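Notes for the one structure printed next.
The values are calculated or read from the model by the stated rules, or taken from the named source; none is laboratory data. Given the structure is predicted, the values throughout are model-derived calculations rather than measurements. Please note: Cβ atoms are built from the backbone with ideal geometry, for glycine as well, and neighbour counts cover all protein chains shown. Accessible surface is based on the protein model in full, side chains and every heavy atom, while ligands, DNA and RNA are left aside. Shrake-Rupley method; radii C 1.70, N 1.55, O 1.52, S 1.80 Å.
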Amino acid sequence: MNVSHIEHIGIAVVSLETAIPYYESLLGTKCYAIEEADQKVKTAFFKVGETKIELLESTDPEGPIGKFIDKKGPGVHHLAFAVPDVNFALEQAKASGIELIDQVARDGAEGLRIGFLHPKSTLGVLTEICGEK
Ligand code: ZN
């Protein structure tokens, strides 16, 4: 599906207020954006080379991140691969037998288009595809 790099790693955290200073100190770089996204999530971004770290704090215990933390605790939540064309990549994934969470691309954080693959068909790793279109 023409993946160019790991766009970001999504990490579920209990609180951005404590996670941001930890990552700023660990990575030696400042958080450059905080966004309230849909899916009852607040995100904070760091750049590490071409890849970003996306911290995800739930704004609602019933949202997907709230449920994830409830079940598994905080930690790595998903991997996001950068592709030139998200819809094309989703079609390719589906054609190869991968179950899709998003049938077509939708708007994600930072103005990118995104779509998720189901962890049932990706060896347990929640996988996000993202790109400019
Ligand atoms: Zn993500």
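Is it the case that the stretch 55-64 has a residue that's in contact (Cβ under 8 Å) with a residue 60 or more places away in the chain and either within 14 Å of the ligand (Cβ to nearest atom) or on the phi < 0 side of the Ramachandran plot (or both)?
Restricting attention to the stretch 55-64, the residues satisfying the condition of being in contact (Cβ under 8 Å) with a residue 60 or more places away in the chain are none.
Looking through the stretch 55-64, none of the residues is in contact (Cβ under 8 Å) with a residue 60 or more places away in the chain and either within 14 Å of the ligand (Cβ to nearest atom) or on the phi < 0 side of the Ramachandran plot (or both).
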Within the stretch 1-36, how many residues turn out to be open to solvent by 70 Å² or more (accessible area, probe 1.4 Å) and charged (D, E, K, R)? 3
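Any idea which residue in the stretch 101-126 is most open to solvent (accessible area, probe 1.4 Å), counting only those that are more than 10 Å from the ligand (Cβ to nearest atom) and within 18 Å of Lys52 (Cα to Cα)?
Within the stretch 101-126, the subset more than 10 Å from the ligand (Cβ to nearest atom) is 101-107, 111, 113, 115, 117-125.
Add one more test, that the residue is within 18 Å of Lys52 (Cα to Cα), and what stays is 107, 111, 113, 115, 125.
On the way: Asp107: 106, Gly111: 69, Arg113: 72, Gly115: 0, Val125: 60 Å².
It comes out as Asp107.
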What number goes with the only condition from (1) out of contact with any strand residue (DSSP E or B) (no Cβ under 6 Å at 6 or more places or on another chain); (2) modelled with pLDDT of 95 or more that Gly111 does not pass? (2)
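Does Thr51 fit the bill of being open to solvent by less than 60 Å² (accessible area, probe 1.4 Å), of a type in the set (Val, Ile, Thr), in contact (Cβ under 8 Å) with a residue 24 or more places away in the chain and away from the ligand (no atom under 12 Å from the Cβ)?
Details: open to solvent by less than 60 Å² (accessible area, probe 1.4 Å): yes; of a type in the set (Val, Ile, Thr): yes; in contact (Cβ under 8 Å) with a residue 24 or more places away in the chain: yes; away from the ligand (no atom under 12 Å from the Cβ): no.
No.
Residues being hydrophobic (A, V, I, L, M, F, W, C) and in contact (Cβ under 8 Å) with a residue 60 or more places away in the chain: count how many of those fall in the stretch 65-86.
Applying the first criterion (hydrophobic (A, V, I, L, M, F, W, C)) to the stretch 65-86 yields 65, 68-69, 76, 79-83, 86.
Now drop any that are not in contact (Cβ under 8 Å) with a residue 60 or more places away in the chain, which leaves 76, 79-83.
Count: 6.
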Subset of the stretch 37-47, residues open to solvent by less than 60 Å² (accessible area, probe 1.4 Å) and either free of Cβ contacts under 8 Å to residues at least 40 places away in the same chain or more than 15 Å from Asp60 (Cα to Cα) (or both), comes to Val41, Ala44, Phe45, Phe46
Residue ID - farthest from the ligand (Cβ to nearest atom), chosen from residues in the stretch 78-98 that are open to solvent by 30 Å² or more (accessible area, probe 1.4 Å) and touching a strand residue (DSSP E or B) at 6+ places or on another chain (Cβ under 7 Å): Lys94
